[in-house]
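Worksheet for the structure shown next.
The values are calculated or read from the model by the stated rules, or taken from the named source; none is laboratory data. Since the structure is predicted, the reported quantities are computational estimates derived from the model, not experimental observations. Positions of Cβ are generated from backbone atoms using ideal geometry, with glycine treated the same way; all protein chains shown enter the neighbour counts.
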């Protein structure tokens, strides 16, 4: 069991993915501090925002696999397609879900001021990414992946 744990810890693909994710999440905290002037520790584990940690993680994995297995390997092709799906989802489906949540929250707020009462909490609005946030995450992931490989 210890050998398995050591193999996981020493796996370059996992190392690159975790490092890229952690750096992207840390950057979200720093950018929130710089832009709003407040320290928001919840950004360390929250989704959405600049840069996309999902894109960073997927592209770091893809890059390390490319360097270690070859850019013409089936493993790289799988990682490339996986990264594409992750980035499409982050900037498409999840971004739309966040925009829908913002609209629903706005409607609930409007109805609340008119006397209606809701037991539900506001929906989470920051779940997706703009294309720039996805690209920044992808470039961060490729950079980290190349360093780790």
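Residue-level analysis places residue 79 outside the set of residues that are surrounded by 13 or more Cβ atoms within 10 Å (Cβ to Cβ), modelled with pLDDT under 70 and part of a helix (DSSP H, G or I). Only residues that are at pLDDT below 95 and not in a loop (DSSP other than H, G, I, E, B) were counted across the range 26-63, and they come to 17.
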